[in-house]
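Heads up: the structure comes next, in C-alpha cells.
Laboratory data are not the source of any read-out in this text; all were calculated from the coordinates shown. All figures in this text were calculated on a predicted structure; none of them were measured in a lab. Here Cβ is always computed from backbone atoms with ideal geometry, including for glycine, and neighbour counts include all displayed protein chains.
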Amino acid sequence: MIKNYFKIAIRNLLRHRLISFINLFGLTVGFTCCLLILTYILNELSYDRYNKNADNIYRITRTFYNGNGDATLKLSTISPPFGYYLPTDFPEIQKMTRLLNIGTTSLRYKDKLLNEQDVYCADENIFDVFTIKVLKGNPATALKDPFCVMLTEETAKKYFGDEDPINKVLRGNNQFDLKVTGVFKNFPSNAHLHPDILISFNTLKDSAVYGEENLRKNWGNNSFLTYIMLPENYNVKNMEARFPAFLDKHMAGQEYIGQQASKFTKLDLQKLTDIHLHSHTDYEAEPNGDIKRVYIFSAIALIILLIACINYMNLSTARSSLRAREIGIRKVIGARKKELILQFLGESVLLTWAAILIAFGLLYVVLPWLNTVSGQNLSIDILLKWQVLLPLLLSPIIVGALAGLYPALFMSSFQPIKTLKGLFKVGGSNISFRKVLVVTQFAISIILIITTVIVFQQLKFMQNASLGYNKDHIITMAYSAQLNNGYESFRNTLLQNPDIKEVGRSSRIPTGRLLDGMDAYAPGNDSMIPVKADIRYVAADYDFIPVYGIQMAEGRNFSREYGTDTSNFILNEAAVKAIGWKTSQETVGKNFRYDNMDGHIIGVMKDFHFESLHQTIAPLILKMPAPVPNQTYYNAISIKISGQHLASTLSTLKQTWEKYQPDLPYQYTFLDENFDKLYAAEQTQETIFATFACIAIFIACLGLFGLSAFAISQRIKEIGIRKVLGANVSGIVGLLSKDFLMLVGIASVLAFPIAWYAMNNWLKDFAYRIDIQWWVFLIAGIAAALIAFVTVSFQAIKAAMVNPVKSLRTE
Amino acid sequence: MIKITNLEKIYRTEEVETVALNKLSIEVKGGEFVAVMGPSGCGKSTLLNILGLLDDPDAGSFVFNGIEVAKFNERKRADLRKHNIGFVFQSFNLIDELTVFENVELPLIYTGVKSADRKKRVEEVLDKVQIMHRRNHYPQQLSGGQQQRVAVARAVVNSPKLILADEPTGNLDSSNGNEVMQMLTDLNEQGTTIVMVTHSEHDARYSHRIIRMLDGQTVLENIMV
C-alpha cells in the first residue's frame, strides 16, 4: 500500500512539474531560512555552556539609584572590596574569581610593539571557574605571583612565533615587565568575554599599579567582573536577601547624598548562562546578544515556513480537480476516506522531506553569507547532533501534515459519482479558503515590507541625526600619563601643521558611554544640599569643547587665561534641568560641589548626543582635573583635522607621536568609525530583515504565480468567448488581475495595524526615534499590489493573447 | 441477491427538485444478467450508483445479500463494496499514473491481499482478458478496447459476486464492444451476477432480462429467451 502511494506521489510530482517545483522550491527556501535561523539561535543559546559548572556560576552586578529612587546605572562590574569581603560573609560561595579589564595596553617584546585590547587582571583560580584548557604552564599556579602573564595561543604566537613563550618577558605600557607563565586556549566564540592576555591579580597589589589598600577600600571603582560558584541547586534568593545588610555593614561611611549604602545601591546575582541574552547592563565585557532578537528571528523563520506551507495548501487544493477522477476511482474500488487522507498526507510529507534534505545542502552555501552579514561565526556543526538532527528530520511529518492536511481532508471527501461523471467542479468554500490563504500571505509580506522600511528609516535617522557636535574629521588616540610633562609641547608641534585644527584631551569621548558619576551638591537655602539627579562625569581639558565643536548655551569654556579653572565646572542643559534650575543664565556663576570639590559653574553647554541615540541625553559635568605626576584622568586625545591632505596630516601625527612617545604604539581611530559601530546591531538587523522580507515575498509570489496560472486555465473558455464578443487584451488582463488585487487590498487592511503595533513597540527601544509615517503603509500596500499585478498579469497576458478559436476548442 | 423496495432518490438544488427514483422496486437474483435501459435522465445511473453503494437512497429499502444496507454509513459501504462489487465504466476510469498491472492490483491492495498473492491473481486475470503483454504500459498507451479489458480485469480481480457495468461499450467500436460483452457473458456464466446500464439494444440482448425505466420507475420488463 505504501509503495503504491509512494509511486503515485512520485509520478504525480513529475507530471505536474511547475506546481511541484513551486512547492518544492518554496518549502526548500522556507526550510533553508529555518535552518539558518536555527543555527543562529542554537548558537545564541549555547553561550557559556561550555563551562563544566555553567549552571552554578553567577556574576555579581551592581545597580545605582539616584535620590528619587530611580535606577540610573546598572553595571556588570563591582568594586574590589566586594570581592574582598564576599567569600568570608557568604560561606556558601565555593569559588570566586575576578577579572579587571585594564583597557588598551601596549605590549613590547623585542621590536614587536602592539596595542592590546583584551587585557585582564585575573585571579589565579580563573581556570577553576571557567573551563578553559591550559596548554602550557601550571593552571593552578601560573597566575599566583605578581607580574605574571598568561596568553592565548594566538597571542603567544603573535609575539614569540615558534619560540617557547614560557619565562619570556613582555614590557607593558613601558612601565612594567610581565613574565609569561602560561598559555591557554582561546575562550570559545560562544563565551561572553574573550581575554587574550591574563595578568596575575596580585599584580594589582603593587602600590605602583593599584595598591592593596585600594583593593580593600575603593568602593567607587566599579570595574571588576566578579564571578562566584555556588553549590548545585542553590537558591540565589537566599543570598540576595542578605546583600542589603552586607552592604550597610561594610560600606558604613560611604553614604551617597546622605543615604546609607543599601538605599542607593543594590547587588544582584546573574546566572552565567543568562549573560549573553538577558543581561542589558550599561557596561558589558563585550556586546551581548538579545533574547528579543532570538524571538524576532524565530518568528521570521516560522513565518517563511508558513508561507511555503500556504503555497502547498493553495496549489494542492487548486489543482485538486485534476485529481478528482483518481480519487473517485479509488473510492469506487474500495478506498476508505482514511486511506485517501493518508495517501495525500504521504505526498506532502514526502515533498517536505525532499525540501529539508535540499535545504541542508543549501545551508552550506548560505551560512557564510549570514556570517559575513551578522559578524557571527556560525557553524553547521551545531545542527549535527542527534538531539537536533532527529527532530529536524522528523519535522517534515509535522510541516507536511500542516501543509497537506487541509488538501487531504478536502480531496478525500469528494463524491465519487460526481468526479467520475466529470460533473465535478472545485468551488464554493474551497475557493474562499484559498482566498483567505492568499490574503494571509500578502498580509505577512506587507508587514515585512513596512517593518523593513521603518527599520531602515530609524537607522538613517540615527546616522544623520543632528548630534550637537561635529563627528567628522576627528581622530582619536590613546592618552598615557607618560605624556603628562611633554603634552603642551606635543600639542603645539601638532598644531604647526595647518591641517591640524584642534587637539584636546578627555577621560571619555563621544560615541562612548558615560558611566562615571560622583555625588553632587548645589546651593540650598543656607547650605549645600545633595543633588538627587545622577550627573555623569567627564574629565576634559581646555580643548575638548572646541575639538568637538560643542555649542555653549551660556558662559564660557575652560580657558588657559584663567588660573583657577581646575576647580570650575561646565554643565550641559540636561544637568541644569535635572538639578532643578530654570535657565542657563541663572546657572552660570553658581557655587557647586562635585566629588567633594567646591568650585563655580562657568558655563553651560547645549545638549549633545555624547552617547548613542539609544540613550537619552544624560546630565553631564565637565571638570578639568589638576595634573598629578605619573597619573592621568585622561584616556584619550581627540584631534580635529581639516580633512585636506590626509596623508601629510597623518604623517605629522606619526612623527610627533614617535618623537614624544617612542615606547608606545602609534595607533589612531577615526571617530566616525566608532559612530558607525554604535548602530551596527541595527544595521545587521536591517540587512537580515530586508533579506528575509524579500524571500517571504518571493515565495508568496511563487504561490500566487502558480495559483493564477491555474485560475486562469480554468477560465480559458470564458476568455475565448469574451474575445469573440470583442474584449481586448488589456480588458482581459484587468479582469483577471482584479480579483487578486482585491485580495492584496484586504491583506493591506489586515497588515497595517499589526505592522504599526509591532514597529511602535520596536521603536520604544530608542530614546530618539522617528514617527511612523502613514505613507510607509501606502507604499508597502502599493508595492505588494504591484508585485501581485506583475505576477498575475504575466499569466493573464499570455492567456489573453491566445487566439479565441484555440481556447474555445478546448471544450 | 438484490432486493429493492419503494426506493426513492430526490436531487435538490436551491430552486429545483428532481425525482431520480420514484418508489422503485426491483429484484435481481444471484447469477442473473440484467440490463437496465431507458432514455437519458430516467434514473438508471442513479439506480446503478445506489446498487453500487456509491450513493444512498432517501427512502425505501435495499437488501444486499440478505442485509439491509440502505442506511449504511460511508465506511461500511466502502467495506461491503470492495469485497463484493466490481465496476466497469463507459470511460474506463483507469488511473493514469499507474501501469496496467498496478491498476488491476489496486482493489487487492485495498482489501489487504498479500503481495505474492496479488501478483498471482493479477497475472491470472490479465491473462484471461489477454492483456498480459501490456502489463507495464500506462493507460494512455493503450487503445480504447484494451483499456476497457483492463477495466474489466480490475473489476473481477477481487472475484466480486456482483458486477455493475455503466454503458461498458459506449466508447468502443463494435468489434471491441462485442469482445467486452463476450467477456461479461463469460463471467456471468461462471456465476457472477451482472447489472448493466446501456443504451444499446444490441448489448441488452446479451442479458437475461431487460428492465426499462422512465421517470424513475420501471415501465416494462422483458425476459430474453
Averaged over residues of B:103-116, the number of beta carbons from other chains lying within 10 Å of each residue's Cβ is 3
Computed ³J(HN,Hα) along the stretch A:87-97: with the Karplus parameters 6.51/-1.76/1.60, θ = phi - 60°, integer Hz and x for glycine or proline, the list is x, 7, 7, 10, x, 6, 5, 7, 8, 9, 9
Most packed first (mean Cβ within 10 Å per residue), the peptides A:406-415, A:458-467, A:731-740 order as A:406-415, A:731-740, A:458-467
Between the alpha carbon centres of the stretch A:398-415 and the stretch A:1-56 the gap in Å comes to 20 Å
Quick calc, residue A:630 & residue A:238: beta-carbon distance into FRET formula, R0 30 Å, rounding 0.05, result 0.05
Toy charge model, Lys and Arg Cβ at +1, Asp and Glu Cβ at -1: the stretch A:33-191 dipole around Cα centroid in debye, rounded to 20, equals 260 debye
Placing each pseudo-label 7 Å from Cα in the direction of the beta carbon, residue B:79 and residue A:245 end up separated by a distance in nanometres of 7.5 nm
At R0 = 25 Å the Cβ-Cβ FRET efficiency linking residue B:178 and residue B:119, nearest 0.05, sits at 0.20
Computed from the beta carbon distance with a Förster radius of 35 Å, FRET efficiency for residue A:84 and residue A:278 to the nearest 0.05 stands at 0.80
Restricting to lysines and to Cα separations under 23 Å from residue B:161, and discarding same-chain partners fewer than 8 apart, the set is A:331, B:3, B:29, B:44, B:71, B:76, B:82, B:114, B:119, B:120, B:128
A chain fully extended from residue A:556 to residue A:582 at 0.36 nm per residue, minus the present Cα-Cα distance, gains in nm 7.5 nm
Distance in nm between residue A:564 and residue A:174 label points, each 7 Å along Cα→Cβ, equals 3.7 nm
Reduced to Cα centres, the span from the stretch A:300-332 to the stretch A:706-763 in Å works out to 20 Å
Scalar couplings 3J(HN,Hα) for the stretch A:183-192 by Karplus 6.51 cos²θ - 1.76 cosθ + 1.60 (θ = phi - 60°), nearest whole Hz, x for Gly and Pro, are 10, 10, 5, 3, 4, x, 4, 8, 9, 7
Descending packing, highest mean Cβ count within 10 Å first, for B:181-193, A:547-559, A:569-581 is A:569-581, A:547-559, B:181-193
Counting lysine pairs in the stretch A:690-811 that sit 8 or more positions apart or on different chains, with Cα atoms under 25 Å apart, gives 9
Dividing the helical contributions, -39500 (n - 2.57) per DSSP H run of n ≥ 4, by the residues of the protein assembly as shown yields a 222 nm value, nearest 500 deg cm²/dmol, of -15000 deg cm²/dmol
Residues of the stretch A:209-248 with backbone N under 19 Å of the label point set 7 Å from the Cα of residue A:286 along Cα→Cβ are A:224-227
Contour minus Cα-Cα span, residue A:298 to residue A:208, at 0.36 nm per residue, comes to 27.2 nm
Looking only at lysines whose Cα falls under 18 Å of residue A:144's and that sit 8 or more positions away or on another chain, we get A:95, A:133, A:136, A:168, A:179, A:205
Taking every other residue with Cβ under 11 Å from the Cβ of residue B:192 and scoring Lys and Arg +1, Asp and Glu -1, one gets -2
Spelling it out for residue A:529: with amide H atoms placed in the peptide plane at 1.01 Å from N, the residues 5 or more places away or on another chain with amide H under 5 Å from its amide H are A:522, A:524
Under 5 Å from the placed amide H of residue B:20, counting only residues 5+ away or on other chains, we find B:9, B:10, B:11
Charge tally for neighbours of residue A:279 with beta carbon under 12 Å away, counting Lys, Arg as +1 and Asp, Glu as -1, is -4
Nearest 10, in degrees from 0 to 90: the angle of helix A:320-333 to the longest Cα principal axis of chain A is 60 degrees
As straight-line cross-link partners of residue A:112, the qualifying aspartates and glutamates (C-alpha separation under 18 Å, not fewer than 8 residues apart within one chain) are A:153, A:154, A:162, A:163, A:164, A:177, A:196, A:658, A:663
Helix A:2-15: inclination vs chain A longest Cα principal axis, degrees, rounded to 10, gives 90 degrees
Here the relative contact order (percent) of chain A, from C-alpha pairs under 8 Å and at least 6 apart, is 15 percent
Taking Cα pairs closer than 8 Å and at least 6 residues apart, the relative contact order of the stretch A:26-168 in percent is 15 percent
Quick calc: nm separation of the 7 Å Cα→Cβ label points for residue A:495 and residue A:648 -> 2.0 nm
Under 19 Å by backbone N from the virtual spin label 7 Å along Cα-to-Cβ at residue B:141, the residues of the stretch B:86-118 are B:93-106
In the neighbourhood of residue A:793 defined by beta carbon distances under 15 Å, the net charge of the other residues (Lys, Arg +1; Asp, Glu -1) is +2
Taking alpha-carbon centroids only, the stretch B:65-109 lies from the stretch A:517-552 a number of Å equal to 92 Å
Restricted to the protein assembly as shown, the DSSP antiparallel beta bridge percent, nearest 5, is 70 percent
Residue span residue A:595 to residue A:782: 0.36 nm per residue of separation minus Cα-Cα distance leaves a gain in nm of 61.4 nm
